[in-house]
Ligand SMILES: *Cc1c(COP(=O)(O)O)cnc(C)c1O
């Protein structure tokens with residue numbers, strides 16, 4: 001079989017089943033092309049992408065500016081390793097630092113690597129700056145978190161499927177309830193060895209769980225009071241997804257009115273990934289100011305591919321697209337419209353309990369038991385009707401289209417979703 005041979009969907013699925021590890025359970029659709037908010041399967045059927053690769057493709061599929069930057073750089077210089085300088089990395093570091101309002105960037109590739117990097121920086125800061133006794137630093141995390149799949153990260157997950165039989169686990173993490181300031185205050189007061197608080201501004205994988213108004217700012221204030229680093233994992237929420245450049249948007253220098261107008265909190269350490277490349281290439285990074293990033297010295301940390309010239313070119317182009325096309329503003333406006341339209345529909349539909357979210361990171365809560373297959377079955381019906389979405393934990397369907405969507409397209413999608421739900425309900 002040659003790589004050029006055209007496969008049917010059935011063939012492609014059978015191949016993956018036979019030769020690929022079964023570490024995912026995909027919706028049975030085989031995609032072969034993408035452009036903007038659309039993807040096409042191998043039979044040529046067109047779909048709206050309502051997952052955006054878990055918010056990596058915020059800028060839309062195959063954005064010409066991002067692909068153009070990637071191709072140009074790929075034809076010029078792809079990898080030097082950090083044993084040598086390259087002429088792209090510094091430019092990207094400057095651009096990303098200025099965009100998000102930090103002194104420095106440490107570039108990596110995947111989100112999980114960036115989270116690991118943040119944890120290492122936080123621990124080193126704790127020993128060298130805060131004076132916590134060696135090997136006694138603790139990092140506070142939240143229940144139902146999702147921060148990636150490495151051994152350390154799953155050590156503080158409470159998803160048994162992701163954890164079980166992967167021990168022994170990494171020590172040094174304390175889990176508290178999400179959106180519970182009292183729990184945070186209690187742990188900070190009772191333990192002198194806390195180095196950091198790692199938190200998602202909105203819990204994406206947990207089902208788009210939006211914390212109470214003011215939670216992040218108050219959590220940050222508590223951290224400051226106890227000299228604890230506030231670490232925001234914005235791998236999924238960042239880069240315009242929630243209607244602002246960052247979901248924690250504080251003193252960053254973006255021109256987005258919803259950002260400077262409603263500053264919430266500036267993290268001590270900011271973790272980005274996914275849309276930092278617009279989905280074209282694995283690019284992640286950690287941002288912090290010099291007093292924190294300064295603890296990292298030559299040999300302390302690294303990655304062969306992290307900060308390579310292609311990643312740097314792609315990362316810069318991806319951020320430029322977000323600014324040039326005012327994607328934060330668009331996500332804000334379309335998000336309001338999406339929830340407004342669904343809120344008109346939900347009272348007439350016994351299948352859906354609620355819609356929640358911010359910007360274009362939303363979810364509907366299906367009115368059924370957590371272990372039923374209703375959300376999955378609805379996603380199968382949505383697929384038939386030309387819209388791709390995926391259930392998350394506990395009968396919740398996440399809706400996160402590319403941010404380059406137009407109002408007309410969004411209303412078309414609302415119509416697909418409500419029609420599908422209505423038909424599904426009448427068939428029950
Ligand atoms: C996706 C995600 C990660 C992990 O990113 P990978 O690139 O899959 O390693 C970490 N944190 C959050 C909040 C994410 O959504």
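Only the coordinates and a few stated rules stand behind these numbers; no lab work does. Remember, predicted model here, so these are calculated numbers, not experimental data. Every residue, glycine as well, gets a Cβ built from its backbone with ideal geometry; the counts of neighbours run over all protein chains shown.
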_residue 175-residue 43 pseudo-label distance in nm [points 7 Å out on the Cα-to-Cβ vector]_ = 4.2 nm
*How high is the relative contact order of segment 64-324, given as a whole-number percent (alpha carbon pairs under 8 Å, six or more residues apart)?*
31 percent
*What angle, in degrees between 0 and 90 and rounded to the nearest 10, separates the Cα long axis of helix 111-125 from the longest principal axis of the Cα atoms of the chain?*
20 degrees
*Residue order, fewest to most beta carbons within 10 Å, for 245, 15*: 15, 245
_Inter-label distance for residue 385 and residue 91, nm, one decimal - labels placed 7 Å from Cα along Cα-to-Cβ_ = 4.6 nm
_Averaged across orientations, what area in nm² does the convex hull of the alpha carbons in the chain project?_
21.5 nm²
*Bridge type composition, the chain - antiparallel percent by DSSP, nearest 5*: 65 percent
*In percent, what relative contact order does segment 1-150 have, based on Cα pairs under 8 Å that are 6 or more apart in sequence?*
11 percent
*Mean Cβ neighbour count within 10 Å, used as a protection proxy, ranking 183-194, 19-30 highest first*: 183-194, 19-30
_Per DSSP helix of 4 or more residues, -39500 (n - 2.57); summed, then divided by the residues of the chain. What does that give at 222 nm, rounded to the nearest 500?_
-11000 deg cm²/dmol
*Given springs between every Cα pair under 10 Å in a Gaussian network model of the chain, which of 247, 12, 311 has the largest fluctuation?*
12
*Computed FRET efficiency, Cβ-Cβ of residue 227 and residue 98, R0 22 Å: what is it to the nearest 0.05?*
0.20
*Quickly rank 196-202, 377-383 as a protection proxy: mean count of other C-beta atoms within 10 Å, highest first.*
196-202, 377-383
*Rank these for me by crowding, 215, 85, going from fewest to most other beta carbons within 10 Å.*
85, 215
_Ranked by how many other beta carbons lie within 10 Å on average, peptides 237-244, 163-170, 47-54 from highest_ = 237-244, 47-54, 163-170
_Full-extension gain in nm, residue 163 to residue 343, via 0.36 nm per residue minus C-alpha separation_ = 61.2 nm
*Can you tell me the 0 to 90 degree angle between the C-alpha axis of helix 407-427 and the longest principal axis of the chain, rounded to 10?*
60 degrees
*Helix 215-225 versus the longest principal axis of the chain: what is the Cα-based angle in degrees, 0 to 90, to the nearest 10?*
10 degrees
